[in-house]
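Worksheet: one structure, shown below.
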Amino acid sequence: MGKLSSFILQTLVFLAFLCILLAGVGFLFAGEWLVLNESPAKSDAIVLLSGGMARPLYGADLYLNHYAPLVYVSRPRVNEQVLHVEKLGIHIPRNEECYKEILLKKGVPEEAITFYSQGHVSTVEEAESLKKVVGDQPIKLLIVTSPYHTRRAKAIFTDVLPNAQIRVVATPYESFDPQWWTDKNSAIAVILETAQTLYYHLGGAFRSTDLSQLNAIASGGG
């Protein structure tokens with residue numbers, strides 16, 4: 001019985017070590033795995049996901065190179081800290097306002113820019129909001145986002161819009177080092193994105209909470 005117990009214990013230790021080793025190797029290559037290297041193609045619309053200002057910079061380039069005649073710009077939920085600051089009479093430009101200004105400055109005409117969604121907190125909600133606009137038609141969409149976000153964005157938009165032809169391109173205006181552990185910003189991006197990707201594939205999705213509290217703050221009641 002003692003030999004059997006010892007064998008089982010050794011086997012469990014080996015399996016645990018193997019799992020840790022595989023997880024470590026997987027995490028090491030997570031930076032490369034997260035990035036899809038899809039090239040842009042002629043589409044019906046360019047979709048700019050909310051986030052950094054590198055996204056509208058590339059979105060404008062794609063429009064000016066005639067990849068699509070329309071640019072969709074999503075509107076995320078306003079940060080609670082921003083609402084606190086605006087109570088002091090200081091206006092902080094919204095994410096979508098900055099996107100629009102960049103697009104206009106680079107030569108995208110205002111009539112080509114369409115805002116969609118309102119107050120989303122996740123890529124899932126961005127995709128669901130866009131579906132309300134374009135419906136289930138077989139539309140060709142060119143999604144613009146950060147390099148590390150491309151794989152998850154592709155999975156989400158493909159799931160939410162199964163009849164659409166989805167291509168996800170990474171903005172070249174945002175640097176991302178596949179050797180993510182050597183760069184602070186890349187390391188933060190990989191850790192967060194890996195967790196969010198696993199969470200999504202396990203059936204999870206971040207959703208907007210009740211905005212009543214934020215509205216109360218904006219009106220001075222919170």
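Numbers below:
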quantity	calculated
Some residue of region 127-144 being at pLDDT 95 or above and under 21 Å from residue 32 (Cβ atoms)	yes
Lone qualifier among 206, 176 - being in contact with a Pro (Cβ under 9 Å, 6 or more places away or on another chain), at pLDDT below 95 and of a type outside the set (Gly, Ala, Ser)	176
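The values are calculated or read from the model by the stated rules, or taken from the named source; none is laboratory data. This is a predicted model, so every value here is computed, not measured. Quick reminder, even Gly has a Cβ in these numbers, built from the backbone with ideal geometry, and neighbours come from all protein chains shown.
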